[in-house]
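The values are calculated or read from the model by the stated rules, or taken from the named source; none is laboratory data. Keep in mind that what you see is a predicted model, and the values were worked out from it rather than measured. Positions of Cβ are backbone-derived with ideal geometry, glycine not excepted, and every protein chain shown enters the neighbour counts. Only protein heavy atoms, including side chains, enter the accessible area calculation; ligands, DNA and RNA are left aside. Shrake-Rupley method; radii C 1.70, N 1.55, O 1.52, S 1.80 Å.
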Amino acid sequence: MTGCDLEVQKPYDFQPEVFPLATFENQTVWDWLQTQKSPGGLAAVDQYKFDFLIEAIELTGLKEEFNRKGDKRTFLLLNNNAFDDANEILQTLTGSTKKTLKDADVGRLKNVLLYHIVEEYILQIPTLEVINQEYMFQTLISGEDGKIVLQRNDRYSISVNNTTSLSTTVRSANVRSHNFRFNNGIGHILNDYVRNRPF
């Protein structure tokens with residue numbers, strides 16, 4: 001027989017580990033995005049930066065939606081991968097990953113951005129309190145087309161539109177990075193765009 005000569009561990013109050021929130025509360029989302037550009041610009045994009053999102057905001061005239069201080073919204077921030085990868089925004093709006101955002105219909109591009117801004121402030125906890133429960137919210141697109149569903153799993157990851165509650169044309173994704181706190185809301189980063197109905 002073998003045994004361990006370590007002492008029995010003393011009782012303690014276990015606290016589950018939750019990563020601290022990334023805080024940029026002295027910046028708006030727009031201010032923060034300006035610090036998240038690829039060193040090579042659109043000619044050599046870093047897939048995890050936001051060059052395309054910045055250009056899309058400028059092309060659609062939505063800068064104020066990302067820069068108004070004091071708002072308490074949720075921003076689903078689309079990184080470069082969500083624009084230029086296969087079956088992502090560029091290909092969806094222009095038919096090719098080789099075209100530019102200037103080739104896209106501005107109205108459709110604007111709807112893409114508006115759908116990724118939710119009217120409420122959504123934290124993993126306490127907003128999405130119950131594990132695997134669907135929580136429906138309204139984006140800046142009005143009516144049924146603007147409905148979006150978020151849910152959290154037992155590892156605190158958030159999924160978007162992973163549901164049968166929306167249209168049959170729904171597109172879903174998992175949040176890559178969570179809980180970036182800004183002066184005008186909270187941000188969650190996506191590698192893929194989401195939708196309820198086609199833009």
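Values for this structure:
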{"quantity": "Per residue value of the accessible surface for the chain (all protein chains in place, 1.4 Å probe), Å²", "calculated": "55"}
{"quantity": "Normalised contact order of the range 83-144, rounded percent, pairs of Cα under 8 Å and 6 or more residues apart", "calculated": "24"}
{"quantity": "Degrees, to the nearest 10: 106-115 long Cα axis against longest axis of the chain", "calculated": "20"}
{"quantity": "Of Q36, F24, G70, farthest towards positive along the dipole that unit charges on Lys, Arg, Asp, Glu beta carbons give the range 23-131", "calculated": "Q36"}
{"quantity": "Apportionment of accessible area to carbon and sulfur, the chain, percent (1.4 Å)", "calculated": "47"}
{"quantity": "For the chain, calculated [θ]222 nm from helices alone, where every DSSP H run of n ≥ 4 adds -39500 (n - 2.57)", "calculated": "-5000 deg cm²/dmol"}
{"quantity": "Förster radius 35 Å - calculated FRET efficiency between E129 and R68, Cβ distance, rounded to 0.05", "calculated": "0.80"}
{"quantity": "Contact order relative to length of the chain, as percent, for alpha carbon pairs under 8 angstrom and 6 or more apart", "calculated": "24"}
{"quantity": "The range 1-158: C-alpha gyration tensor shape, a/c 1.5 cut-off, then a/b vs b/c", "calculated": "prolate"}
{"quantity": "Counting DSSP beta bridges with both ends in the chain, the antiparallel % (nearest 5)", "calculated": "65"}
{"quantity": "Subset of K99/K147; K98/K147; K72/K99; K49/K102 violating a 27 Å alpha-carbon distance limit", "calculated": "K99/K147; K98/K147; K72/K99"}
{"quantity": "Overall form of the range 109-148 per C-alpha gyration tensor (a/c, 1.5; a/b vs b/c)", "calculated": "prolate"}
{"quantity": "Angle between the chain longest axis and helix 51-60 axis [Cα atoms, degrees, rounded to 10]", "calculated": "50"}
